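Questions regarding the structure given below will be posed in turn.
The values are calculated or read from the model by the stated rules, or taken from the named source; none is laboratory data. The shown structure was predicted, so the numbers you read here are calculated from the model rather than taken from an experiment. We place every Cβ from the backbone using ideal geometry, glycine too, and count neighbours over all the protein chains shown.
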Amino acid sequence: MAATANGTANGVTNGDSAAGPVSIRFSDIPSAIDIPVQGDQEDEAVEIDLEDLVDDPTELCTLFENEHAAKTYWMTVALAYAKQHKIDHAIEMLLRGGGAIQSNASNPRDKVSMICCLCWMYLWKSREAPRVAPDGIRVSEAKTKEYYLQLATSSLNDAARLNPSFPPIFLARGVLLLLRASLQAPSKTAGGIGSEKQELLKTAVKSFDDALRVSQGKNMLALMGKARAFFSLQKYPDSLAIYQDVLQKKPDLVDPDPRIGIGCCFWMLGFKKDAKTAWERSLEITADSKVPNILLGLYYLDASGHVPVNSEEFVKLYKKAMTEHTQKSFKVDKGLPLTCSTFSSYFLSRKSWDNADKLAHKAIQYTDVNAIASDGWYVLARKAHYNGDTENANDFYRRADDARGGTDTGYFPAKFGAAQLSVVKNDLGEAKLRLEKMIQQSKSHEAMILLGTLYAEEIFNNQTSDVKEDKSAEMKKAINLLEAVRNAWKDPKRNASPDASVLLNLARLYETENPEKALQCLQQVEQLELEQIPSSEYPEDVTEEAEVQAAIRKFLPPQLLNNIGCFQFQAEKHVVASEMFEAALGACMKMSEKDSTVDTDALVSTISFNLGRSYEAQGLSDKAVEVYEGLLNRHDDYTDARARLAYIKLRQSPNKEGPDAVAKLYQDNTSDVEVRALYGWYLGKVSRKRPGNVAEDPEFRHYKHTLQNYDKHDRYALVGMGNLHMMQAREMRRETDADKQKRSAAYGKAVEFFEKALSLDPKNAYAAQGVAIALVEDKKDYKNALGIFNKVRETIKEPSLYVNLGHIYAELKQFSKAIESYEIALSKEGKQNDPVILACLGRTWLNRGRAERDIDAYSKALECAEKALEVAPEQVHYKFNVAFVQIQLVTTIQGLQENRRTAEQLEKAAEGLEAAIESLDAIAAHPQTPYPKHDVEQRANMARNTLRKQLERAIGKQKEWEEINKEKIAAAQSQREAELKRREADRAAVLAKEKERQDKIRKEREEMAAKVKLETDERERELETERARKEAELTTDEEGNKVKRKRKPAPRPPGEGKPRRSKKKAAKDDDDSDEGSHAKKKRRLTTRESSKFKSAEIVVDSDEDEDGGAGGDDDDDVLDRADRMGRSSPAASDAGENESNAGGDDDNDDKMDVDDAPREDDDDDEPSARQPAKRARRGRVVESDDEEDE
């Protein structure tokens, strides 16, 4: 960015900063002036000390009027007052002087000069005057910026009437228009600057152009004014170019300093580091300058906003911004609006309200930049907002927004503050409208977080209210907004820090529908909290990351750890859940150590109970009992802990201690609905004979008593009564239509209870499952029932659900899914050898074998039936199931063709048949047969008399067939084995071939990458060589500019005339002069000689063909000849190196080598070329293969 002039950078001579440029403002004002007076002597004069002028210029004015002082004396004294910042005295001197000069009828040019000077004084006063009338002063009497601009306009018009072509008028008019444009209201449209302001700025540019025209472009102040106008027009590249032009032409200009403008342009163009460099250079030249100091302060403030607030880097940057730069700027000028605005924001963050208020008002009063006024109003709004003055806060937010354009543009923080006020006033509808509009204009994280939080709170409140509304739309909006914010954290360009509140709200939103995502959110919050723990708290002797995290979890909030443990418990990760609950208890202890006044008893009690539940789920009943008993020692009225202890005792001692504990718990807590639910569950598990009338069932009476006397909306009691009605309906007779109708009515009664529970809790999975079972058993509505079961399978992870799913799939003939469901049920804890599920699984395999006539399926069915009998040998019907499957297997296998069975299978079936006959005889003799005794005996006789004989014949026939087809069977078996081996070999070959292909691709890629790297390096070397050659052709002219070296004509023999210049060359030279230094030379197309070797011949320019082809170029000097020789040598070596690769390809020899064809080399060289090439550069010769690769 540094501009150079005569070998110095930015006006510094020989690198000595002490001798750098200084301000020349008022440098022509002497320290004293002699005023000639009329007296006895001709050279009598009065000396006036211009460095110690009197405060009242009246005497001086009177002296000058009496002595008829010339314009020079009036203006010199006025400027001396201005130098001391006594602008009012300077204006008085100019007004009195203008009147005196007019009365003296002196040169009108003198009058114009003084009026123009007076205009500049008014412009100076306008910069320092307030924007609006101060409090207590009438608008008509206030001397505001507009007041002084009107005076300046009047003075300028007076000067223009006297001499409209007076050069200083153009510059003054341009500055006046700039100041007037700064007072215009901001544009209401995004990206615009307002039509009136735009017209004023365009007129200002025209005035500055006029000033430049009359000064032949030497007026640097006019150039800077033009740059300032372009900056206000948002033409930042044009403005930057002009500021840099000023710095290049006048590097010692420091007041005003173009470096400040250069930095501002860089900042607006997004090059903030370049802006910082420019401002630092300005500060280096003028150490006590207020503007670069405050601008650098803003730079470091902006930088601090891109690092974490709790980092050392933030402290360093913020301290540098405020103490090193902003405070220094404030000390230099306590009235600079930008500094006042910045400091007011600082005092606002420190809650120093008085200082913030005073500085904000000063910034608003005296700035001529709308954005600074907006910042001031925003500080006042924040102060009023914090103090609860919502009315003034709302007004100030509106003004801050309007100062930057208002509705469509405006100031985003002010809009956001107004939305926050709407939330404070509980006007949530207005707040949502404001936030949604802000999000439409710009995807602001803050607005999205607040709007998403409002929707989330609306959902949370609805969950706890008595009347539930459909908030699915709000749920979707809240999740989308908060997830959008969460995704923005992953974008490194946005540099947004994660917010724990966003994650916590998302976790609550996901809690019911997506517990996995809720857990992920909480784990992310945990990670954020862990990152905040200082390294000094880390254990020293632990290196494993997992162990370190476990050790420092005690510094995290226990509520967070408890919630993570609960989600892990729901995900059936009970070991991890226990670790989390233990860490949460440790965090409670750490919290108590830090602050003894914090009451953690409620937290400890809840977390301890959760820890006991996780121990229970792991089967660690002893540890769970220990936790519950410890909890009861502190709080003996903790009913939930007593209920869990009673349940554990009931599981461990179902006959004595368990029932006693449950009964004791029920007696002590009769009104507790949770205890009543446990007691109802206990009554349902007690082995007893069910009465014919459900109303006489003790469990039913218990649930009915709960609903009538304690809680008519108790969902457990409602579901329990529904189950009892369904059990009664299942046992009812169904022979006649009346029986079927009565049975259907019982199912309807059960469904009523389930639906009542669902109306109270739409997500009650057990009630939904009851409805699905009733649909299957009563209506045979498998399709709708299957839909319900699939919905609740994520909630109810009990074996009964998968058993029910298996039943439905079996009825729908989807045997594979039915088998899968039963196997899942068997995999559940405690159900590995459940005989009922095994019997259902065996029945499904049997039905599948019947449908597919598959012997393997029959074998699976028999295996399941035998396993069920092994688990419950006392159950007669399991024994019957085994016999039934064995008979079915015999019936099926003897009906198969010989080629689909074997003699071994038939003999094994015969053994099973004999066992089935014995089992049926035993079952018939049993006092409690599962089927009528006559039927069992008849089935045994059929197996003994009919199936046995049929099977014996089938075995004999099968052996005979196998003997006859022995060779065919052996051939088929060997063929089958050979086919399997062939397939395995083919598979191995395919895998090997694929591996070879992958290896080849990898190798080719590595070779290609190496080749590309070599070509890139070669191209870079060629470019470097070309740049060096072109640099060697340039020289420095008298003005310090780089120009092409001129050719010196070679001496001609005496008498020889000047060589004739060809028309083609003359025309080409004329074109070159017209096109400028960036014109590209054209080359003549030549045909390459037919040869299998690559030519080392140089393709030369048409200029060289005509003038230098014979080797007698008169225009060439020694440098040119040396350059050609240096370029021809590598060409020859290239030909030699590539010789071995050129043979054998004669097809390309007849083709024409077109040098004008575009190459990547030429494209790369073209932008850097400053002068047209006089000679062609020989490009790299490549093979056809190389060209394809490129």
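Looking only at segment 831-869, count how many residues are assigned to a loop (DSSP other than H, G, I, E, B) and touching a residue at least 12 places away in the same chain (Cβ under 8 Å). If you could, list the steps in order and put the result at the bottom.
Here is the first cut: in segment 831-869, the ones assigned to a loop (DSSP other than H, G, I, E, B) are 831-834, 853-854.
Now drop any that are not touching a residue at least 12 places away in the same chain (Cβ under 8 Å), which leaves 831, 833-834, 853.
Total satisfying the criteria: 4.
Just give me the residues in segment 610-649 being hydrophobic (A, V, I, L, M, F, W, C), outside any loop (DSSP other than H, G, I, E, B) and out of contact with any Leu (no Cβ under 6 Å at 6 or more places or on another chain), in sequence order.
L611, A617, A624, V625, L631, L632, L645, I648
For A371, are the conditions met, namely being surrounded by 20 or more Cβ atoms within 10 Å (Cβ to Cβ) and either touching a residue at least 12 places away in the same chain (Cβ under 8 Å) or on the phi > 0 side of the Ramachandran plot (or both)? Write out each step before concluding.
Numbers: surrounded by 20 or more Cβ atoms within 10 Å (Cβ to Cβ): no; either touching a residue at least 12 places away in the same chain (Cβ under 8 Å) or on the phi > 0 side of the Ramachandran plot (or both): yes.
Spelling it out, it is not the case that A371 is surrounded by 20 or more Cβ atoms within 10 Å (Cβ to Cβ) and either touching a residue at least 12 places away in the same chain (Cβ under 8 Å) or on the phi > 0 side of the Ramachandran plot (or both).
Now a separate question. Can you tell me which residues in segment 618-650 are of a type in the set (S, T, N, Q) and closer than 15 Å to A661 by Cα? Show your work before the answer.
To start, the set of residues in segment 618-650 that are of a type in the set (S, T, N, Q) comprises 618, 621, 633, 639.
Answer for segment 618-650, where residues must be of a type in the set (S, T, N, Q) and closer than 15 Å to A661 by Cα: just T639.
Sort out for me the helices (runs of 4 or more DSSP H) sitting completely within segment 885-974 that have 2 or more residues that are under 21 Å from A851 (Cα atoms) and of a type outside the set (F, W, Y). If you could, list the steps in order and put the result at the bottom.
Numbers: elements: 903-925, 933-942, 948-964.
Result: 903-925.
Can you tell me which residue within segment 906-961, out of those that are touching a residue at least 12 places away in the same chain (Cβ under 8 Å) and of a type in the set (K, R), is surrounded by the most Cβ atoms within 10 Å (Cβ to Cβ)?
R939
If K554 satisfies all but one of (1) without any contact (Cβ under 8 Å) to a residue 40 or more places away in the chain; (2) out of contact with any Gly (no Cβ under 7 Å at 6 or more places or on another chain), what's the number of the condition it fails?
Going through the list (1) without any contact (Cβ under 8 Å) to a residue 40 or more places away in the chain; (2) out of contact with any Gly (no Cβ under 7 Å at 6 or more places or on another chain), K554 breaks only (2).
Can I ask one more? Do the conditions hold for A287, that is, is it crowded, with 24+ Cβ neighbours inside 10 Å and either closer than 28 Å to G335 by Cα or among the hydroxyl-bearing types (S, T, Y) (or both)?
Values: crowded, with 24+ Cβ neighbours inside 10 Å: no; either closer than 28 Å to G335 by Cα or among the hydroxyl-bearing types (S, T, Y) (or both): yes.
It is false that A287 is crowded, with 24+ Cβ neighbours inside 10 Å and either closer than 28 Å to G335 by Cα or among the hydroxyl-bearing types (S, T, Y) (or both).
Residues being among the aliphatic types (A, V, I, L, M) and either at pLDDT below 85 or on the phi > 0 side of the Ramachandran plot (or both): count how many of those fall in segment 842-868.
The initial filter retains those residues of segment 842-868 that are among the aliphatic types (A, V, I, L, M), namely 846, 851, 855, 857, 861-862, 865, 868.
Filter again for either at pLDDT below 85 or on the phi > 0 side of the Ramachandran plot (or both), leaving 855.
Counting residues in segment 842-868 that are among the aliphatic types (A, V, I, L, M) and either at pLDDT below 85 or on the phi > 0 side of the Ramachandran plot (or both) gives 1.
Only one of these conditions is not met by R690: (1) of a type outside the set (S, T, Y); (2) more than 25 Å from H725 (Cα to Cα); (3) not in a helix (DSSP H, G or I). Which number is it?
That leaves (2) as the condition not met.
Shifting gears a bit: Check E1024, E984, E1004, E1038 and return the single one that is within 59 Å of the chain's Cα centre (by Cα), surrounded by fewer than 10 Cβ atoms within 10 Å (Cβ to Cβ) and either of a type in the set (D, E) or at pLDDT 80 or above (or both). Write out each step before concluding.
Details: E1024 fails: surrounded by fewer than 10 Cβ atoms within 10 Å (Cβ to Cβ); E984 fails: surrounded by fewer than 10 Cβ atoms within 10 Å (Cβ to Cβ); E1004 fails: surrounded by fewer than 10 Cβ atoms within 10 Å (Cβ to Cβ).
Of E1024, E984, E1004, E1038, the one residue that is within 59 Å of the chain's Cα centre (by Cα), surrounded by fewer than 10 Cβ atoms within 10 Å (Cβ to Cβ) and either of a type in the set (D, E) or at pLDDT 80 or above (or both) is E1038.
While we're on this one: Mind listing just one residue for me: the one in segment 498-550 that is of a type in the set (S, T, Y) and over 19 Å from V576 (Cβ atoms) and, of those, modelled with the highest pLDDT? Give the derivation first.
Going through segment 498-550, the residues of a type in the set (S, T, Y) turn out to be 501, 510, 512, 535-536, 538, 543.
Narrowing further to those that are over 19 Å from V576 (Cβ atoms): 501, 512, 535-536, 538, 543.
Details: S501: 92, T512: 84, S535: 78, S536: 76, Y538: 78, T543: 72.
It comes out as S501.
Let's see how each residue does on (1) part of a helix (DSSP H, G or I); (2) buried (at least 16 other Cβ atoms within 10 Å of the Cβ):
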{"position": "S536", "(1), (2)": "yes, no"}
{"position": "V542", "(1), (2)": "no, no"}
{"position": "A550", "(1), (2)": "yes, yes"}
{"position": "F581", "(1), (2)": "yes, yes"}
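For (1) at pLDDT 90 or above; (2) not charged (D, E, K, R), each residue gets a yes or a no:
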residue	(1), (2)
T600	no, yes
F609	yes, yes
G612	yes, yes
Y615	yes, yes
G619	no, yes
A624	yes, yes
Y628	yes, yes
N633	yes, yes
D637	no, no
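Continuing with this model, one more query. Would you point out which residue out of I169, I193 is under 25 Å from R399 (Cβ atoms), in contact (Cβ under 8 Å) with a residue 24 or more places away in the chain and either polar (S, T, N, Q) or surrounded by 16 or more Cβ atoms within 10 Å (Cβ to Cβ) (or both)?
Numbers: I169 fails: under 25 Å from R399 (Cβ atoms).
So the residue among I169, I193 that is under 25 Å from R399 (Cβ atoms), in contact (Cβ under 8 Å) with a residue 24 or more places away in the chain and either polar (S, T, N, Q) or surrounded by 16 or more Cβ atoms within 10 Å (Cβ to Cβ) (or both) is I193.
Does A785 satisfy the condition of being under 27 Å from L812 (Cα atoms), without any contact (Cβ under 8 Å) to a residue 24 or more places away in the chain and assigned to a helix (DSSP H, G or I)?
In short, yes.
Can you find even one residue in segment 314-321 that is out of contact with any strand residue (DSSP E or B) (no Cβ under 7 Å at 6 or more places or on another chain), outside any helix (DSSP H, G or I) and modelled with pLDDT under 95? Before you say what the answer is, go through the steps one by one.
Initial filter on segment 314-321 (out of contact with any strand residue (DSSP E or B) (no Cβ under 7 Å at 6 or more places or on another chain)): 314-321.
Imposing the further condition that a residue be outside any helix (DSSP H, G or I) reduces the set to none.
No, segment 314-321 contains no residue that is out of contact with any strand residue (DSSP E or B) (no Cβ under 7 Å at 6 or more places or on another chain), outside any helix (DSSP H, G or I) and modelled with pLDDT under 95.
Have a look at I773, I808 and point out the one that is at negative phi, surrounded by 15 or more Cβ atoms within 10 Å (Cβ to Cβ) and in the same structural domain as I837 (by TED's automatic domain parsing). It would help to see each step written out before you state the result.
On the way: I773 fails: in the same structural domain as I837 (by TED's automatic domain parsing).
Within the list I773, I808, the selection yields I808.
Going through segment 494-534 one residue at a time, which ones are within 28 Å of N764 (Cα to Cα), among the polar types (S, T, N, Q) and either more than 20 Å from the chain's Cα centre (by Cα) or outside any helix (DSSP H, G or I) (or both)?
Across segment 494-534, the qualifying residues are T512, N514.
Restricted to segment 17-50, and to residues that are exposed (fewer than 11 other Cβ atoms within 10 Å of the Cβ) and outside any loop (DSSP other than H, G, I, E, B), which residue is modelled with the lowest pLDDT?
Filtering first and then ranking leaves S17.
Right, another one. Just to be sure before I move on: is L707 closer than 30 Å to A571 by Cβ and assigned to a helix (DSSP H, G or I) in the structure I sent? Reasoning before the result, please.
Numbers: closer than 30 Å to A571 by Cβ: no; assigned to a helix (DSSP H, G or I): yes.
Spelling it out, it is not the case that L707 is closer than 30 Å to A571 by Cβ and assigned to a helix (DSSP H, G or I).
Could you tell me whether segment 176-186 includes any residue that is under 46 Å from the mean Cα position of the chain (by Cα) and surrounded by fewer than 16 Cβ atoms within 10 Å (Cβ to Cβ)?
yes
Those residues that are closer than 20 Å to E696 by Cα and part of a loop (DSSP other than H, G, I, E, B), I need them from segment 713-767; list them, please.
Result: M732, R733.
Also: With the requirement that a residue be over 18 Å from L862 (Cβ atoms) and polar (S, T, N, Q), what does segment 795-845 give you?
Once the filter is applied, which keeps residues that are over 18 Å from L862 (Cβ atoms) and polar (S, T, N, Q), segment 795-845 yields T795, S800, N804, Q814, S816, S821, S827, Q832.
Additional query: Among the residues in segment 134-147, are any touching a Phe, Trp or Tyr at 6+ places or on another chain (Cβ under 7 Å) and not assigned by TED's automatic domain parsing to the domain that holds E65?
So in segment 134-147, the residues touching a Phe, Trp or Tyr at 6+ places or on another chain (Cβ under 7 Å) come out as none.
No, every residue in segment 134-147 fails to be touching a Phe, Trp or Tyr at 6+ places or on another chain (Cβ under 7 Å) and not assigned by TED's automatic domain parsing to the domain that holds E65.
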